[in-house]
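Accompanying notes for the structure given below.
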Amino acid sequence: MIKIDKLIKEDIAQVVLLEEQFLGETLGVEMLENELDNEFMCFLSAKESKKVLGYIGAYVINGELEILNFVVDENFQRTGIGTLLFNELLNRYPNTKSVVLEVREQNEKGINFYKKNNFNVISKRKHYYKNGDDALVMMKEII
Ligand SMILES: CC(C)(COP(=O)(O)OP(=O)(O)OC[C@H]1O[C@@H](n2cnc3c(N)ncnc32)[C@H](O)[C@@H]1OP(=O)(O)O)[C@@H](O)C(=O)NCCC(=O)NCCS
């Protein structure tokens with residue numbers, strides 16, 4: 001059974017591996033360890049027994065959530081784990097008015113996911129990524 005919970009220190013190494021393998025960039029062990037208990041941040045993992053299958057990390061500021069990183073193990077993608085993580089993030093912050101994030105313009109899976117969850121593109125950041133790719137800024141408003 002897959003369980004969504006607050007990320008714990010023991011699972012950070014698995015998260016960094018997931019980020020490196022399936023996202024291509026990582027927040028890094030140090031940042032994750034330092035920010036784990038920051039009240040303005042939320043990191044959730046999706047685990048089956050001790051194996052981390054996905055995770056989501058967000059800043060939480062004045063009713064706004066900003067998603068920093070979000071990844072699901074490729075072998076388990078499109079089975080609902082991303083939705084479980086995202087919904088649990090929203091459940092934990094019932095006063096959320098908006099959710100924002102940046103996504104690589106070429107990232108079809110990510111963009112599809114966010115569109116399905118009622119995000120709209122609000123702007124574009126040219127050459128935002130190290131390799132020159134543009135980022136789309138997407139936002140979901142909650143009324
Ligand atoms: C984006 C991501 C976290 C979604 O997690 P997930 O567990 O696959 O998502 P779910 O199974 O809950 O949701 C499925 C929805 O996401 C989108 N999606 C997921 N995988 C997809 C794929 N291979 N191709 C196209 N759309 C995809 C679709 O909208 C899909 O809905 P549908 O199956 O009804 O068409 C995951 O695909 C992932 O880790 N991608 C690589 C990293 C990434 O892009 N992260 C976001 C960066 S901002």
**Message:** Condition check: at pLDDT below 95 and either buried (at least 16 other Cβ atoms within 10 Å of the Cβ) or not basic (Lys, Arg) (or both). Does residue 118 satisfy that?
**Reply:** no
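Does residue 2 satisfy being surrounded by 12 or more Cβ atoms within 10 Å (Cβ to Cβ) and either in contact with a Lys or Arg (Cβ under 8 Å, 6 or more places away or on another chain) or modelled with pLDDT under 95 (or both)?
On the way: surrounded by 12 or more Cβ atoms within 10 Å (Cβ to Cβ): yes; either in contact with a Lys or Arg (Cβ under 8 Å, 6 or more places away or on another chain) or modelled with pLDDT under 95 (or both): yes.
Considered against the rule, which asks whether it is surrounded by 12 or more Cβ atoms within 10 Å (Cβ to Cβ) and either in contact with a Lys or Arg (Cβ under 8 Å, 6 or more places away or on another chain) or modelled with pLDDT under 95 (or both), residue 2 comes out as yes.
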**Prompt:** helices (runs of 4 or more DSSP H) wholly in segment 1-116 with at least 1 residues that are within 12 Å of the ligand (Cβ to nearest atom) and on the phi < 0 side of the Ramachandran plot - which ones?
**Reply:** 12-22, 81-92, 108-116
**Request:** Among the residues of segment 57-85, write down those that are closer than 24 Å to residue 129 by Cα and among the aromatic types (Phe, Trp, Tyr).
**Result:** 59, 70
**Asked** Are any of the residues in segment 68-84 over 14 Å from the mean Cα position of the chain (by Cα) and modelled with pLDDT under 95?
**Response** no
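The values are calculated or read from the model by the stated rules, or taken from the named source; none is laboratory data. Computed from a predicted model, the values in this text were never measured in an experiment. With ideal geometry, Cβ positions are generated from the backbone for all residues, glycine too; neighbour counts draw on all protein chains shown.
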